[in-house]
Amino acid sequence: MPTIATVVVVGVLAVATWSLVFASDGAADQPQIDRDVQQRYESIDGVSATQTTIVSQNGTVTSRITYDATLQPGTQKRRLVLVNSTSQANDVRISDGSTLWLYNDSRGRATRIPLSETESDRGERLQRLFTKLDESTADPRSVEPLPVVPRGERRPVNSTEGMTVSYRGTEPVDGREAYVVHVTPRNGTKAYEQTVWVDTQRFFPAKQRTAWTADEKHTVVTTRFANVTYDTGVPHDEFAPDFPDDTAVSVPEPSDRRFYLRCQLCAT
């Protein structure tokens, strides 16, 4: 069964649409961003990196999972190969854009999930975020932050409350400068907050920290990409399943697919 770390989004996505208002908190001058954010992000011809996700609850680390990651920005194509984990995790996770495969080597089993949702508009979402930061008036269009919380938990904020997003300057991530954007509920509560570090040159989300409180549990999820290489020229068959011939394959019932689809989102 996937752990909490495998059901949290680690990219700029969400299952709900929240209306955002962007504001400066006075900590740093807002950058003047070129209007080609989406094009620059989607022009990355493959990303190779080490992806580490750490989950803590009420101050105690409950999970740390590291994958070797191969990603194709602007698509759902990705391949994650487990390096190490402090909890149960799939050994290999592959998406070719239309099908998600979760492979467990010790059990000789794979789960196949047809993908009906798309995240190919991620570049557009990033464009909206930086367009809003560069405008004096709020853009009426919405931006989707994360998280996708584990099945059965309450959402950390009410989707009708709206969010405030502020610019926090730049910081280095994996040796590259990144824009730091902070997200909090507009009503000032501490039920949810998110910080995203976005590469200033390629606009790849290189690090993300999301925290929320629900059911008296304060959860913090931090995902960071290290050893990042851009424009790796990923071969087409990189995202094809290559499991042993005797692998047992199962397909979850439609009612359970939403749970598995959330597992897919942590690859970005």
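The values are calculated or read from the model by the stated rules, or taken from the named source; none is laboratory data. From a predicted model like this one, the values you see are computed outputs, not experimental measurements. Quick reminder, even Gly has a Cβ in these numbers, built from the backbone with ideal geometry, and neighbours come from all protein chains shown. Ligands, DNA and RNA are excluded from the accessible area calculation, which covers all protein heavy atoms including side chains. Shrake-Rupley method; radii C 1.70, N 1.55, O 1.52, S 1.80 Å.
Please state which one of VAL15, VAL92, VAL21, VAL7 is hydrophobic (A, V, I, L, M, F, W, C) and modelled with pLDDT of 90 or more. Give the steps one after another, and end with the answer.
Details: VAL15 fails: modelled with pLDDT of 90 or more; VAL21 fails: modelled with pLDDT of 90 or more; VAL7 fails: modelled with pLDDT of 90 or more.
Just a single option satisfies the conditions, and that option is VAL92.
Being modelled with pLDDT of 80 or more and open to solvent by less than 30 Å² (accessible area, probe 1.4 Å) is the filter here, so list the residues in the range 98-122 that pass it.
Quick first cut of the range 98-122, residues modelled with pLDDT of 80 or more only: 98-114.
Selection gives THR99, LEU100, LEU102, TYR103, ASN104, GLY108, ALA110, THR111, ILE113.
So which residues in the range 192-231 are in contact (Cβ under 8 Å) with a residue 12 or more places away in the chain, part of a loop (DSSP other than H, G, I, E, B) and surrounded by fewer than 20 Cβ atoms within 10 Å (Cβ to Cβ), if there are any at all?
In the first step, residues of the range 192-231 are kept if they are in contact (Cβ under 8 Å) with a residue 12 or more places away in the chain; the result is 192-215, 217-231.
Those still in the list that are part of a loop (DSSP other than H, G, I, E, B) too: 200-204, 215, 231.
THR200, GLN201, ARG202, ASP215, ASP231 - these are the residues of the range 192-231 that are in contact (Cβ under 8 Å) with a residue 12 or more places away in the chain, part of a loop (DSSP other than H, G, I, E, B) and surrounded by fewer than 20 Cβ atoms within 10 Å (Cβ to Cβ).
Within the range 37-46, identify whether any single residue is of a type in the set (S, T, N, Q), part of a helix (DSSP H, G or I) and farther than 20 Å from VAL220 by Cβ, and answer yes or no. Scanning the range 37-46 turns up at least one residue that is of a type in the set (S, T, N, Q), part of a helix (DSSP H, G or I) and farther than 20 Å from VAL220 by Cβ. Scanning the range 58-113 for residues that are part of a strand (DSSP E or B) and among the hydroxyl-bearing types (Ser, Thr, Tyr) yields THR60, THR62, SER63, THR66, TYR67, THR70, SER85, SER95, THR99, TYR103, THR111.
Among the residues of the range 153-169, is any at pLDDT 75 or above, in contact with a strand residue (DSSP E or B) (Cβ under 8 Å, 6 or more places away or on another chain), more than 29 Å from ALA226 (Cα to Cα) and not in a loop (DSSP other than H, G, I, E, B)? It would help to see each step written out before you state the result.
Initial filter on the range 153-169 (at pLDDT 75 or above): 166-169.
Subsequent filtering for residues that are in contact with a strand residue (DSSP E or B) (Cβ under 8 Å, 6 or more places away or on another chain) retains 166-169.
Now restrict to residues that are more than 29 Å from ALA226 (Cα to Cα): none.
No - not one qualifying residue is present in the range 153-169.
Taking each residue of the range 163-175 that is among the small types (Gly, Ala, Ser) and looking for partners that are buried (at least 18 other Cβ atoms within 10 Å of the Cβ) with beta-carbon atoms closer than 7 Å, six or more apart or interchain, yields GLY169/VAL180. Of all residues in the range 61-77, those that are over 30 Å from LYS217 (Cβ atoms) have Cβ atoms under 6 Å from Cβ atoms of residues that are hydrophobic (A, V, I, L, M, F, W, C) and open to solvent by 60 Å² or more (accessible area, probe 1.4 Å), 6 or more apart or on another chain, in ASP68/VAL83.
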